[in-house]
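Below: one structure, written as structure tokens.
The values are calculated or read from the model by the stated rules, or taken from the named source; none is laboratory data. Just so we're clear, the structure is a prediction, and the values are computed from it rather than from any experiment. Cβ atoms come from the backbone with ideal geometry, glycine included; neighbour counts cover every protein chain shown. We work out accessible area using only protein heavy atoms, side chains counted, and drop any ligands, DNA or RNA first. Shrake-Rupley method; radii C 1.70, N 1.55, O 1.52, S 1.80 Å.
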Amino acid sequence: MSAESAVGAVPMVEARAVCKHYAGVEVLKGVDLVVNRGEVTCLIGPSGSGKSTLLRCINHLEKHDAGELLVDGQLVGYEARDGKLYERSDKQICVERSRIGMVFQRFNLFQHLTVLDNVTIGQVKVKNVSPDAAVTRARELLARVGLDAKEKNYPSQLSGGQQQRVAIARALAMEPKLMLFDEPTSALDPELVGEVLDVMKDLARSGMTMIVVTHEMGFAREVADTVYFLDRGIIEESGDPRKVLTAPSSERLKSFLSKVL
Amino acid sequence: MKVVPVRHTGRWIAGAVMVVIVAMLVHTLFSKVATGQTSCHTVSGVRSCHPVVNWRFSWNIVFHYFTSSEILHGLVLTIELTILAMLIGIVLGITIAIMRLSPNRLLSSTAWSYTWFFRGTPVYVQLLFWFNISAIYQSLSIGIPFLHVTFLHIDAVSLFTPFRAALIGLGLNEGAYMSEIARSGLIAVDEGQFEAASSLGMTRGQTLRLVVLPQAMRVIIPPTGNEVISMLKTTSLASAISVVEVLGAAQNIYAANYEVMPLLITASIWYLIITTVLSIGQFYLERHFARGAQRTPPPTPIARLRTDVKGIVAKFRTPRPAMTREVVA
């Protein structure tokens, strides 16, 4: 009991004054964020505000320049030992990434592989799961996202919504402790958004820790435990979505919401 | 109302011209010429003479040498040289392309220099160079530079036989061209595929091998097929460094009997036959690697022929309906 609560006390993701710049442009200017286990966190804000960059820093697809970023109590990309920060090797970073699922705006399914192979390849090649076990798990996950009938199809034969659901299954196949969604419905036709959000809601109910960059305010209000509003690389406002999204205190959030709602 | 189709007069004229040209070509290919000799026979006491004629293209000599053992041996050598040089070229090309795209500046500039050097000098010169390499290196040894430590020591003359010199020359040269083809293929794969693979925890090597290269293949295969066909014909240069491949064999034969043209034709026909076989292979290979890229794979030539025949048959079977247009009053 005490051990469990001790683990529970460490947030899944913690960012302290995280900064990132590309070629002189400061994208993140000291971002603080806490994501607790089992919670859904939505990042909202205008384009170019740094939402996606923050998400990509969390699984080290981008390297942050300053500040501390911890996932599961571990520094991302570094190891603190004897008062020094040791940069992690590529191999160690790969292991870390394999425990964090990521879903992209453009789906990024492997075009040359069938739906089933897309969901098994990570399990077999990265986690060294036996092919049979991987197929069993892949079929379970495809059934969960409602695509068990499509396992032999290639991604190009699926609609955007179906592809994104396969992408979610592919990420879940790695048994991640954390799921990152980078504008998962932005590239979809409006009538296909619902089927992807339904899968995400189901996932949230199952207790998955999720960070979602989104423009779907309805989803944020309904599912998120916490909403962060980013603007120009800083967090302008954060808190309970029902409060933040209905009675915003900052002028920037007010004007942003008036545009998207 | 009766519909009168457009008359394509131009198409008919062009078709007729082509038919005449093809007929002329066939005629000259199979024409006969007088040899200037006459042959005389005496049949039941009557002596009759007539001029001796021969195929202009000496098809009888072509036919005679077509499957002779010298030519067939040469053919085997041509095929061996093509396959092995292409294998060296492809492996080298992909390696160099990956080096070229590496974030390590030392690797990428080495790769660039390789391509610059081997693409910038004629392949014929390179073949002569490897053939004569023993002039500057009597022996080859592998060791540590500037220190007198050697691990391996080989005599250059026995190492660089004409065949091996040709193989190395063609392979290294091909590597330079293949690297550019492979690089274009790797660049063509969407950046998102790299990101998706790394987000699953794949290493850079796994990402390249499992995700990027298979997709790059779709772009790499068509020009590579072109390179194979080009290589097949480039191997004829090896005859200049005394490799007796199919052209070398033909040259050896006509050096003895002066039948230059028929033997060049013999070699050419063999090149055409192999090119045809390679083109068919290329089609199926492209079809295989296109999976996932197109919703429906392109039909095979046999399938296409079948639909063509069906279409033509259907056209003749069903009488063309008199097209009518309802006139709304």
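Within region A:44-56, the set of residues being open to solvent by less than 30 Å² (accessible area, probe 1.4 Å) and either more than 13 Å from chain B (Cβ to nearest Cβ) or among the hydroxyl-bearing types (Ser, Thr, Tyr) (or both) comprises A:44, A:45, A:49, A:50, A:51, A:53, A:54.
If you check A:203, A:230, A:158, which single one turns out to be crowded, with 23+ Cβ neighbours inside 10 Å and on the phi < 0 side of the Ramachandran plot?
Being crowded, with 23+ Cβ neighbours inside 10 Å and on the phi < 0 side of the Ramachandran plot holds for just one of A:203, A:230, A:158, which is A:230.
Among residues of region A:45-65 that are on the phi > 0 side of the Ramachandran plot, those with a Cβ under 6 angstrom from a residue that is acidic (Asp, Glu), sequence gap 6+ or separate chain, pair up as A:45/A:231. Residue count for region A:109-130 satisfying the condition of being open to solvent by less than 10 Å² (accessible area, probe 1.4 Å), free of Cβ contacts under 8 Å to residues at least 60 places away in the same chain, within 8 Å of another protein chain (Cβ to nearest Cβ) and farther than 22 Å from residue A:71 by Cα: 1.
Listed conditions (1) open to solvent by 60 Å² or more (accessible area, probe 1.4 Å); (2) assigned to a strand (DSSP E or B) are all met by residue B:48, apart from (1). Number of residues in region A:66-76 that are assigned to a strand (DSSP E or B), open to solvent by 30 Å² or more (accessible area, probe 1.4 Å) and in contact (Cβ under 8 Å) with a residue 24 or more places away in the chain: the value is 3. Residue A:59 falls short on exactly one of the conditions (1) crowded, with 17+ Cβ neighbours inside 10 Å; (2) polar (S, T, N, Q); (3) within 14 Å of chain B (Cβ to nearest Cβ); (4) more than 19 Å from residue A:12 (Cα to Cα), and that condition is (4).
Filtered by the rule that a residue be hydroxyl-bearing (Ser, Thr, Tyr) and open to solvent by less than 50 Å² (accessible area, probe 1.4 Å), region B:76-108 gives B:78, B:82, B:102, B:108.
Just one of (1) open to solvent by 10 Å² or more (accessible area, probe 1.4 Å); (2) within 11 Å of another protein chain (Cβ to nearest Cβ); (3) over 22 Å from residue A:209 (Cα atoms) fails for residue A:150. It is (2).
Of all the criteria given as (1) in contact with a Gly (Cβ under 7 Å, 6 or more places away or on another chain); (2) modelled with pLDDT of 95 or more, the one not satisfied by residue A:41 is (1).
Scanning region B:10-45 for residues that are in a helix (DSSP H, G or I) and hydroxyl-bearing (Ser, Thr, Tyr) returns a single hit, B:28. Checked against the criterion of being open to solvent by less than 10 Å² (accessible area, probe 1.4 Å), out of contact with any His (no Cβ under 7 Å at 6 or more places or on another chain), under 24 Å from residue B:114 (Cα atoms) and within 14 Å of chain A (Cβ to nearest Cβ), region B:198-213 has at least one qualifying residue.
Here is a check on your reading of the model: is residue B:191 free of Cβ contacts under 8 Å to residues at least 12 places away in the same chain, within 14 Å of chain A (Cβ to nearest Cβ), surrounded by fewer than 18 Cβ atoms within 10 Å (Cβ to Cβ) and not hydrophobic (A, V, I, L, M, F, W, C)?
Details: free of Cβ contacts under 8 Å to residues at least 12 places away in the same chain: yes; within 14 Å of chain A (Cβ to nearest Cβ): yes; surrounded by fewer than 18 Cβ atoms within 10 Å (Cβ to Cβ): yes; not hydrophobic (A, V, I, L, M, F, W, C): yes.
When the stated conditions are applied, residue B:191 passes them.
Just one of (1) over 30 Å from residue B:61 (Cα atoms); (2) modelled with pLDDT of 95 or more fails for residue B:285. It is (2).
Across region A:98-107, what is the total count of residues that are closer than 15 Å to residue A:196 by Cα and either part of a loop (DSSP other than H, G, I, E, B) or within 8 Å of chain B (Cβ to nearest Cβ) (or both)? Steps first, answer last, please.
Quick first cut of region A:98-107, residues closer than 15 Å to residue A:196 by Cα only: A:102-107.
Checking the rest, the ones that are also either part of a loop (DSSP other than H, G, I, E, B) or within 8 Å of chain B (Cβ to nearest Cβ) (or both) come to A:102, A:104-107.
Looking only at that region, the number is 5.
Which one of B:114, B:137 is aromatic (Phe, Trp, Tyr) and within 30 Å of the chain's Cα centre (by Cα)? Steps first, answer last, please.
On the way: B:137 fails: within 30 Å of the chain's Cα centre (by Cα).
Unique residue meeting the criteria: B:114.
Of all residues in region A:131-147, those that are assigned to a helix (DSSP H, G or I), small (Gly, Ala, Ser) and either in contact (Cβ under 8 Å) with a residue 12 or more places away in the chain or crowded, with 19+ Cβ neighbours inside 10 Å (or both) total 2. If a residue must be over 11 Å from residue B:159 (Cβ atoms) and assigned to a strand (DSSP E or B), how many such residues does region B:135-149 contain? Of the residues in that region, 5 qualify.
Across region B:112-149, the qualifying residues are those that are surrounded by fewer than 12 Cβ atoms within 10 Å (Cβ to Cβ) and among the polar types (S, T, N, Q), and the one among them that is modelled with the lowest pLDDT is B:141. Quick one: is residue A:90 out of contact with any strand residue (DSSP E or B) (no Cβ under 7 Å at 6 or more places or on another chain) and either open to solvent by less than 20 Å² (accessible area, probe 1.4 Å) or within 7 Å of chain B (Cβ to nearest Cβ) (or both)? Against the criterion (out of contact with any strand residue (DSSP E or B) (no Cβ under 7 Å at 6 or more places or on another chain) and either open to solvent by less than 20 Å² (accessible area, probe 1.4 Å) or within 7 Å of chain B (Cβ to nearest Cβ) (or both)), residue A:90 qualifies. Every listed requirement among (1) over 30 Å from residue A:173 (Cβ atoms); (2) surrounded by fewer than 23 Cβ atoms within 10 Å (Cβ to Cβ) is met by residue B:186 save one, (1).
Any idea which residue in region B:217-237 is nearest to the other protein chains (Cβ to nearest Cβ), counting only those that are open to solvent by less than 40 Å² (accessible area, probe 1.4 Å) and over 17 Å from residue B:287 (Cβ atoms)? Of everything passing the filter in region B:217-237, B:227 is nearest to the other protein chains (Cβ to nearest Cβ).
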